[in-house]
1. Determine the equivalent ellipsoid of segment 40-110 by diagonalising the alpha-carbon gyration tensor, then write out the semi-axes as square roots of 5 times the eigenvalues, largest first, rounded to whole Å.
2. Output the Kirkwood hydrodynamic radius of the chain, Cα pairs only, in Å rounded to one decimal.
3. Please get the size of the charge dipole for the chain, origin at its Cα centre, with Cβ charges of +1 on Lys and Arg and -1 on Asp and Glu, quoted in debye to the nearest 20.
4. In nm, to one decimal, how far is the modelled label at V57 from the one at A97, with both set 7 Å along Cα→Cβ?
5. Can you list the HN-Hα couplings for segment 96-108, worked out from phi with the Karplus curve (6.51, -1.76, 1.60; θ = phi - 60°), rounded to whole Hz and with x for Gly and Pro?
6. Would you tell me the accessible area of T122, worked out with a 1.4 angstrom probe on the heavy atoms of the protein chains, in Å² to the nearest 10?
7. Given only helices, namely DSSP H runs of n ≥ 4 each adding -39500 (n - 2.57), what is the per-residue ellipticity at 222 nm of the chain, to the nearest 500 deg cm²/dmol?
8. Lysine pairs in the chain with Cα distance under 25 Å, only those 8 or more apart or on different chains: how many are there?
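The values are calculated or read from the model by the stated rules, or taken from the named source; none is laboratory data. Since the model is a prediction, treat every value here as computed from it, not as a measurement. Cβ sites come from the backbone with ideal geometry, for glycine too, and all protein chains shown count toward neighbours. SASA here: full protein model, heavy atoms, side chains in, ligands and nucleic acids out. Shrake-Rupley method; radii C 1.70, N 1.55, O 1.52, S 1.80 Å.
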Amino acid sequence: MNGGPLKKADGGLIRIEQVFDVPREQIFDAWVRKDLLEEWFAPEGCTLHIARLDVRVGGGYHWSIKSPSFGECWTIGSYLEVRRPERLVFTATIADADGNPRTPESQGHDPAWPQDTTVRVTLTERAGRTHMRLEQDVSERLAKRTGAHPSWLQMLDRLKRQSAAATP
């Protein structure tokens with residue numbers, strides 16, 4: 001996959017930028033190590049359960065974010081690009097607990113939400129700080145309406161706290 005922007009037929013794109021006061025290797029590890037991912041990759045009050053994680057090009061994952069209000073939200077995906085420590089690109093497909101792709105509506109999601117999206121995380125380091133750009137090829141308006149956009153912000157806040165706590 002090239003370094004160009006993600007494209008979606010409707011032109012929709014979530015783009016979130018964050019700065020972390022730690023080296024980018026530490027942030028990259030938080031995206032690819034199961035023990036670290038489970039600490040932050042869920043909105044506040046929710047938990048992440050990883051059934052499978054194989055972070056390599058062609059590898060994939062199967063996980064669930066569990067919410068006390070909404071139950072489990074299962075996702076499967078494939079890693080399209082893994083370039084340590086600068087880029088991670090993966091698909092995200094709505095699924096069931098057995099890892100089968102499902103329609104958004106069948107899993108209790110907004111029917112307008114796409115079954116498949118692609119997420120790209122780009123990390124650059126400047127003066128010991130990591131600048132992260134996260135992009136997902138879904139309309140920001142839809143993501144805000146469904147709660148996906150604020151969930152990303154909460155998760156990244158958790159990552160910021162986790163990374164700060166892990167720094168000596």
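1. Ellipsoid semi-axes (Å, largest first): 22, 15, 10.
2. It works out to 16.2 Å.
3. The dipole of the chain has a size of about 440 debye.
4. Calculated label separation equals 3.7 nm.
5. Those phi angles translate into 10, 5, 8, x, 8, x, 9, 6, x, 4, 5, 9, x Hz.
6. 20 Å²
7. Computed mean residue ellipticity for the chain: -7500 deg cm²/dmol.
8. Lysine pairs, 8 or more places apart or on different chains, close enough: 7.
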